[in-house]
Amino acid sequence: SSNMTDEIGSLTILIRHGKVTKETHHFYEKWKYYSTVIDKWFSIQSTFTSPSSSVRIVSNLSKHSAFNMKNPNRFNSVIGTFASNNFLGFHQQDGKGYKLVTDWLIKLDKINPQTTARVCKAFENWKLFDLKRQLKISENLTRLSQIPNISKNTYEVVNTMLKK
């Protein structure tokens with residue numbers, strides 16, 4: 001393609017259908033000097049990866065050299081997007097999606113409490129899920145509420161959800 005929009009659209013289709021081989025790498029190499037494009041690159045992988053491989057893929061993305069948790073847009077493009085836009089991946093019955101996101105939120109709260117509180121809202125409707133998922137979400141919300149020196153922002157959001 002001759003433009004980024006077509007390329008990202010094609011890459012999204014490949015990711016959604018599990019047909020990616022080297023295309024993500026080629027796209028990254030071509031666009032790596034454009035931070036907003038790389039945010040989009042992270043985001044489509046976090047969103048459209050199949051549920052069965054999503055936790056592994058998102059975990060790998062968080063280890064990528066271009067990932068920087070101190071950059072709110074970059075954090076949101078990987079972790080926030082996974083939690084809010086990859087419904088089936090985040091809400092897997094085994095709770096691995098919840099654990100992955102919670103682990104990152106615990107790390108982020110010291111650095112950026114506003115982004116942490118915002119991403120925590122992915123757990124907001126936790127009582128709408130089956131009991132097994134409710135238990136796993138509750139465990140992760142409790143872990144968040146017990147962060148040593150938890151920020152005011154995160155404390156308010158998490159404790160409000162736990163009291164509902």
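The values are calculated or read from the model by the stated rules, or taken from the named source; none is laboratory data. Note that this is a predicted model, so its numbers are computed, not measured. With ideal geometry, Cβ positions are generated from the backbone for all residues, glycine too; neighbour counts draw on all protein chains shown. Heavy atoms of the whole protein, side chains included, go into the accessibility calculation; ligands, DNA and RNA do not. Shrake-Rupley method; radii C 1.70, N 1.55, O 1.52, S 1.80 Å.
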Can you tell me how many residues in the range 14-63 are open to solvent by 100 Å² or more (accessible area, probe 1.4 Å), modelled with pLDDT of 95 or more and β-branched (Val, Ile, Thr)? 1
Return a yes/no flag: does the range 97-109 have any residue that is of a type in the set (Asp, Glu), open to solvent by less than 30 Å² (accessible area, probe 1.4 Å) and in contact (Cβ under 8 Å) with a residue 12 or more places away in the chain. yes
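Taking helices (runs of 4 or more DSSP H) that fall entirely within the range 69-148, which contain at least 2 residues that are under 18 Å from Phe42 (Cβ atoms) and not hydroxyl-bearing (Ser, Thr, Tyr)? Full working, then the answer.
Details: elements: 72-75, 81-85, 87-90, 96-109, 113-120, 131-145.
Filter on the range 69-148 gives 72-75, 81-85, 87-90, 96-109, 113-120.
Among Phe129, Phe123, which is aromatic (Phe, Trp, Tyr), more than 19 Å from Ile79 (Cα to Cα) and out of contact with any strand residue (DSSP E or B) (no Cβ under 9 Å at 6 or more places or on another chain)? Walk me through it before giving the result.
Details: Phe123 fails: more than 19 Å from Ile79 (Cα to Cα).
Answer to the selection: Phe129.
On the basis of being at pLDDT 95 or above, assigned to a helix (DSSP H, G or I), under 26 Å from Arg16 (Cα atoms) and not charged (D, E, K, R), does Thr154 make the cut? Quick ask: steps written out before the conclusion?
On the way: at pLDDT 95 or above: yes; assigned to a helix (DSSP H, G or I): yes; under 26 Å from Arg16 (Cα atoms): no; not charged (D, E, K, R): yes.
So Thr154 does not fit the description; no.
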Selection within the range 13-68 - over 25 Å from Pro113 (Cα atoms), among the polar types (S, T, N, Q) and not in a helix (DSSP H, G or I): Thr21, Thr49, Ser50
